[in-house]
Each structure stands twice: as structure tokens, then as C-alpha cells.
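The values are calculated or read from the model by the stated rules, or taken from the named source; none is laboratory data. Just so you know, these numbers come straight off a predicted model, no measurement behind them. Neighbour counts are summed over all protein chains in view; Cβ atoms, including those assigned to glycine, are modelled from backbone coordinates with ideal geometry. Ligands, DNA and RNA are excluded from the accessible area calculation, which covers all protein heavy atoms including side chains. Shrake-Rupley method; radii C 1.70, N 1.55, O 1.52, S 1.80 Å.
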Amino acid sequence: MSLADRARLTIDLDALAHNRAVVAAEAAGAEVAAVVKADAYGLGAGPIGRRLWAEGTRSFFVARTAEGEALRAALGERKATIYVLDGLLPGAAERLAAARLTPVLSTLPQAMAALALAAANGRYEAALQVDTGMNRQGLTLDAAQALLAAPGALRTLHVPLIVSHLGSATDPAEPRNAEQLARFRDVRALLPEARASFAASAGAFLGPDFRYDQVRAGVSLFGGGPFERPDPRLKAVATLEAPILDIRNLRPGDRVGYGQSFTAPAPMRVAVVAAGYADGVIRAAMGRGHAWAGGGLRRLLAVTMDLTVIDLGEAAASVGDMVEMVGPNALLDDLAAAAGTVAHEVLVRLSPRAERIYLRGA
Ligand SMILES: *Cc1c(COP(=O)(O)O)cnc(C)c1O
């Protein structure tokens, strides 16, 4: 038996296609745009983008201009619409145009710059983000109103899509969702001909009022439950596995890891696994999160840069066996919850060091 010497990150593109279909069924007729910012949440915007295109995705969102350029290159001749959430930053107009990227105007200065380009060129196309209560990106409703009321503005500035973003959609009982929805209705009234995009993954699962013409799905495509807990309808897209390097027997009172943070209460067997926080095993999950080994969930006793020590219990496991750190059994949302973070952050930290394998069966 040869010992795999490092972590392996398997990205299941069929699971991605499955999750897209789940979101599409939930979105019931709304377009499912794919949010592939940060290199598709770390999973590789090229392979992810091409597979989503093959599944019918025609609109993509990225954050940075450079991400849009990379996605355009990866999609080649495919006529996808790529929206850049950073918008029309100073000096970015030529790059956006060269890669046929559509900025999502998100501040008043950006909107003024777009109006000036539109006037100079006779036509400019951009989406418009309006803030409905998150205070992160988007013009205020008043600013958007003033912009669109400027004489002649809409003769040359074409706004095919109007966007807003929910701040609390992962909590369906949160009344701020309805408040933001009411404000979004006012936003839409500014530009009734434009298509409307309000919901991200969580919002898409909040019911018909939130879906509008397009939902912008990110984390749920990659297997994260829309409400920050596992959703059995979604499949794990990313699986991080690593081999057991050693199995040790602890006596009561033996301590493990830096700061000897764990003390064995009784005799126990632990495994030393070749994946640590440099591979995406979030250190804050130490003591609470679980890996999957020998057919069961095993507690993470210590997470260090390169190694994680897990409690093997009675599991039949040997040196060289692969342990699932995140995947279909050690669930993304559970690791995120154990670490006090969100699935998005777990995904983007998944290992650049691991060997990467893309599965594309169907
Ligand atoms: C990141 C982002 C999304 C996608 O969010 P998920 O929770 O991953 O679905 C959608 N819209 C905007 C504006 C975003 O920044």
C-alpha cells in the first residue's frame, strides 16, 4: 500500500449540477445566476463556470474585475453575461469593455461615471445595485431616483438589471427581510422594465416574494445549506480528505497539541491526519468539529498548520487510511458552525495545497 502523502480535494461537478437543479426548482422559473466570485468560492471558476454553462447558466457574478477577466477567458466563446459586483471602478472601464463584463454600479460616483460614458459613447450598459438595508453596496434609493430622473439619462444608459442584497436572509423569521422586500418594491418602481435580482442562495429559499426575475446563487450551488445548516437536498461538491500518518494510544492525563489544549480523560486512540489549517481545516473548530473516519464522526482534538489529531474511538482505522475532513459525511455547514463561521469561509479556505481532482461523470 502506498501512502498518499498529502490532502486531496475532490470537486464533484455532478453534485454541482444537482445543486443547481435543486436551486432552480426552488426558484420556480426565476433565472438562476451563478455567483462565482473568489475563484468560485475557491473551487475553480474555470471548471465550475464551464459546467454551470453546460447546465444552462447564462449569467454569472464575480466580485473583482480580474475575476471577470479570468472567467471570460475560461468560458471562451460562450456568450455568458458576466456581472462585476465591484462595479465601475476608476480606470476599469476599458478592462470591463475588453472582456465584455457588465459592471454592477454600486455607488453614486460609479453611476455618474457610467452616465458620462453613456453620454460620450452614445450608449453604455450597466446593472444597478440599490441598497435596501445592508449598508454595504448599492446606491441609496434617493440617489438612484435622482440618477434615473436626470434628463436623458436613460436614453444612453441602459440598465437591464436592478440588484439588491438581503442582510438577514439566512434567518427566515427575521422581520428585516420583509422590510428590505418592501424597499425593493420601491426600487423596482424606479425602473419597471429592468429585470430584478434580489435573492442570493438564502433568499431563493424564502418563498416566491423574494425570487423576482433572477436569483444569485453562490454557496448553495457548492453544497452549503441556504440557512447555515445542512440541507439534505444539496450534495457536497467539495471533499477534502487526508491520510492518517500515525495512530497513538493515550493514557489518562496525556495531553495533545499546542498548549496541550486537550487532555485525555481515559485511555484513548487518536489519529494524526495530514491536513491542518493550511489545508482548510478551520482551527477554530478544534474541540467541537468532526472529521469522518472508520465509518463515523470523530472529534477534532487539535488542529495545527499541517496536522489534525482526531479521536478515533473504537474505529477500525489504520495508518494510510483517508480521513474525510469536509465532504458528504463531515458536513460543510457543521464544520462552519463548529468554527463559528459560515460555509462560504470554509469553502474559500479549502486547500490550495491539496491535490485537486475534478469529477465530471455525467
Ligand atoms: C456573495 C453574493 C451573493 C451570493 O451569496 P450566497 O450566499 O453565496 O448565495 C449574491 N449576491 C451578492 C451581492 C453577493 O455579494
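With Phe198, Phe210 as the choices, which residue is near the ligand (Cβ under 10 Å from one of its atoms) and in contact with a helix residue (DSSP H, G or I) (Cβ under 9 Å, 6 or more places away or on another chain)?
Values: Phe210 fails: near the ligand (Cβ under 10 Å from one of its atoms).
Criteria check complete, one pass: Phe198.
Tell me yes or no: at least one residue of segment 104-121 is within 21 Å of the chain's Cα centre (by Cα), closer than 19 Å to Ser201 by Cα and open to solvent by 10 Å² or more (accessible area, probe 1.4 Å).
Of all residues in segment 104-121, those within 21 Å of the chain's Cα centre (by Cα) come to 104, 106.
Okay, now just the ones that are also closer than 19 Å to Ser201 by Cα, so 104.
The next check asks that each one be open to solvent by 10 Å² or more (accessible area, probe 1.4 Å); those that pass are none.
No, every residue in segment 104-121 fails to be within 21 Å of the chain's Cα centre (by Cα), closer than 19 Å to Ser201 by Cα and open to solvent by 10 Å² or more (accessible area, probe 1.4 Å).
Of the residues Thr341, Thr304, which single one is open to solvent by 20 Å² or more (accessible area, probe 1.4 Å), of a type in the set (S, T, N, Q) and over 16 Å from Ile244 (Cβ atoms)? Outline the logic, then answer.
Details: Thr304 fails: over 16 Å from Ile244 (Cβ atoms).
Result: Thr341 is the single residue among Thr341, Thr304 that is open to solvent by 20 Å² or more (accessible area, probe 1.4 Å), of a type in the set (S, T, N, Q) and over 16 Å from Ile244 (Cβ atoms).
Given the residues Leu105, Leu154, Leu181, Leu139, which is the only one that is of a type outside the set (Phe, Trp, Tyr), over 27 Å from Arg64 (Cβ atoms) and within 16 Å of the ligand (Cβ to nearest atom)?
Working: Leu105 fails: over 27 Å from Arg64 (Cβ atoms); Leu154 fails: within 16 Å of the ligand (Cβ to nearest atom); Leu139 fails: over 27 Å from Arg64 (Cβ atoms).
Answer to the check: Leu181.
Can you name the residue in segment 17-46 that is touching a Leu at 6+ places or on another chain (Cβ under 6 Å) and closer than 27 Å to Ala274 by Cα and is also surrounded by the most Cβ atoms within 10 Å (Cβ to Cβ) among such residues?
Taking the candidates together, the pick is Tyr41.
When the residues of segment 78-93 are filtered to those that are open to solvent by less than 10 Å² (accessible area, probe 1.4 Å) and either of a type in the set (Lys, Arg) or not in a loop (DSSP other than H, G, I, E, B) (or both), which remaining residue is nearest to Lys37 (Cα to Cα)?
Going through the qualifying residues, I end up with Val84.
Name the helices (runs of 4 or more DSSP H) wholly within segment 94-156 that hold at least 1 residues that are at pLDDT 95 or above and touching a Phe, Trp or Tyr at 6+ places or on another chain (Cβ under 6 Å)?
Numbers: elements: 108-121, 141-149, 153-156.
Qualifying helices (runs of 4 or more DSSP H): 108-121.
So which residues in segment 244-303 are acidic (Asp, Glu) and in a strand (DSSP E or B), if there are any at all? Explain how you work it out, then say what you get.
Within segment 244-303, the first condition is being acidic (Asp, Glu), and the residues that meet it are 246, 254, 279.
The one that is acidic (Asp, Glu) and in a strand (DSSP E or B): Asp246.
Return the total of residues in segment 262-281 being open to solvent by 70 Å² or more (accessible area, probe 1.4 Å) and touching a strand residue (DSSP E or B) at 6+ places or on another chain (Cβ under 8 Å). Can you show your working first?
So in segment 262-281, the residues open to solvent by 70 Å² or more (accessible area, probe 1.4 Å) come out as 265, 267, 277.
Keeping just the survivors that are touching a strand residue (DSSP E or B) at 6+ places or on another chain (Cβ under 8 Å) gives 267, 277.
Counting residues in segment 262-281 that are open to solvent by 70 Å² or more (accessible area, probe 1.4 Å) and touching a strand residue (DSSP E or B) at 6+ places or on another chain (Cβ under 8 Å) gives 2.
Which members of segment 182-203 meet the condition of being open to solvent by 10 Å² or more (accessible area, probe 1.4 Å) and out of contact with any Ser or Thr (no Cβ under 7 Å at 6 or more places or on another chain)?
Ala182, Arg185, Asp186, Arg188, Ala189, Leu190, Pro192, Glu193, Arg195, Ala200
Asp14 fails exactly one of the following numbered conditions: (1) in contact (Cβ under 8 Å) with a residue 40 or more places away in the chain; (2) within 21 Å of Leu347 (Cα to Cα); (3) buried (at least 17 other Cβ atoms within 10 Å of the Cβ). What is the number of that condition?
The failed condition is (3).
Would you check which residues across segment 336-362 are over 12 Å from Glu228 (Cβ atoms) and outside any loop (DSSP other than H, G, I, E, B) and list them?
Ala338, Leu347, Val348, Arg349, Glu355, Arg356, Ile357, Tyr358, Leu359
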